[in-house]
Each structure stands twice: as C-alpha cells, then as structure tokens.
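Notes to accompany the following structure.
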Amino acid sequence: MGAWLRDPEGLEGGQHDDGEGDSQGGGLVESGSAAGSSRQSRGLGLLPLETLYAGDKTLRQCRAQALWPAGSALEIEGFELHHGVSRLARPESSDQDNFSDSSLQSGVHALSSQEGLGWWRRSGERGGLVAGTYLHAVFENGPWRRRWLNLLRIRHDLPPLSEHQPHHARQREALLDRLADAFEEHVDLDPLLS
C-alpha cells in the first residue's frame, strides 16, 4: 500500500495505516460506506492523517512533480494504488470550513504536486524524517532515489552522489529485451520445443 519512510534509515510499506492516532480524533482509519455503517481504528501514529475507506479503488499510472526531497525539479512516476482517501487530520480547534488538505499542519508537507499522493515531516530529536506515499515503485525513479539516499549520506557526513541515474524499471526492461534478443539470436529453440 504505497511506501512510507521513517527516520530516513528505515523503509516500510503501507500509507493507509500511518495515521497519528491521538486522543483528539486525528489519525483515524475509517472503513465504511455511504450508507452509514462505519468502523474506526487507530493508525501507526507516524503522520497526522485520516483515511476513509470508501468508494472505488484507485488504480492508475501516475506522474507528478516531486516536492521532496528538496532540490531542483524532479518528475516521479509509478503506480498509484489505494482504496480510500487519506487527508491531513483536522485539529479539534480548527475552523472546519477553512481547513484544506494542502494546509501545513504539525510541519507536514506535500510529497508531490499531486494533492493527496503523499506527505512528509521531520521526526525525532536526531533530525529524522517520516514520509508516506500511495505511489508504488517510487524508488525506481533513479534521480529521486539518489536524492533520498543523499539525505542519508549528508546526515552521516558523506558527500552527495550524482543524481544522474536511470529510471530502474526502464533500465530493467531494456536489459530484458536485450537478453531476449540475444537468446533468440544464439539459441536454437527447435530441439527444445519439439
């Protein structure tokens, strides 16, 4: 269910369940239908999100402008897959009519230009980060992945590496195509197939 990162040395999966889970109603993961039956449960507490499981499942190829990690413009792409909608949890004291999901709350920032695709915030005393996204295969985006890894390198006083990296899925497909072409050219399949 997407990917989320914590402290950024850890890597986990599952944005739907990373709601904050505080006692004021934030961080709820709710499943239900428009007919009114619903069930609420607490998330993992990593980001102040509320998720409503309802409606159609989102399944689509997606491209967006990465807003994090900071730096020059990067396009990220992957497969958006989720059942439900997550949004920033509304603080109990907020004006419900003037609150928007794009509002920064508790230091939470949009991960990309596509609203609702992901969020990130600083976490902990050691300068860690928590990020969550519905974009599957985000790490196949070479320049984005290298920028994320450079956050770790800088944190450990190592110099950053070049962000000029290929898109992993495209590179993998090209290698498989070359392998298939070489196999077809050099292997006599007739004895194998008869």
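The values are calculated or read from the model by the stated rules, or taken from the named source; none is laboratory data. Nothing here was measured: the structure is a model prediction, and the numbers come from that model. Reconstructed Cβ throughout: ideal geometry from the backbone, glycine too, with neighbour counts over all protein chains shown.
A few notes on this one:
- Of all residues making up the range 124-147, the number that are out of contact with any strand residue (DSSP E or B) (no Cβ under 8 Å at 6 or more places or on another chain) and touching a residue at least 60 places away in the same chain (Cβ under 8 Å): 2
Okay, residues lined up against (1) under 23 Å from residue 116 (Cα atoms); (2) of a type in the set (Lys, Arg):
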residue	(1), (2)
137	yes, no
140	yes, no
147	yes, yes
162	no, no
165	no, no
170	no, yes
176	no, no
185	no, no
189	no, no
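- Scanning the range 159-189 for residues that are surrounded by 11 or more Cβ atoms within 10 Å (Cβ to Cβ), out of contact with any Lys or Arg (no Cβ under 7 Å at 6 or more places or on another chain) and hydrophobic (A, V, I, L, M, F, W, C) gives 169, 174.
- Within the range 47-66, being among the acidic types (Asp, Glu) and surrounded by 11 or more Cβ atoms within 10 Å (Cβ to Cβ) holds for one residue alone: 50.
- For the range 24-60, a residue qualifies if it is part of a loop (DSSP other than H, G, I, E, B), within 12 Å of residue 89 (Cβ to Cβ) and at pLDDT below 80, and the qualifying residues are 24, 25, 26, 27, 43.
- Residue 152 vs. criteria in contact with an Asp or Glu (Cβ under 7 Å, 6 or more places away or on another chain), surrounded by 17 or more Cβ atoms within 10 Å (Cβ to Cβ) and at pLDDT below 90: no
- Residue among 73, 64, 89, 110 that is within 30 Å of residue 171 (Cβ to Cβ), small (Gly, Ala, Ser) and modelled with pLDDT under 90: 73
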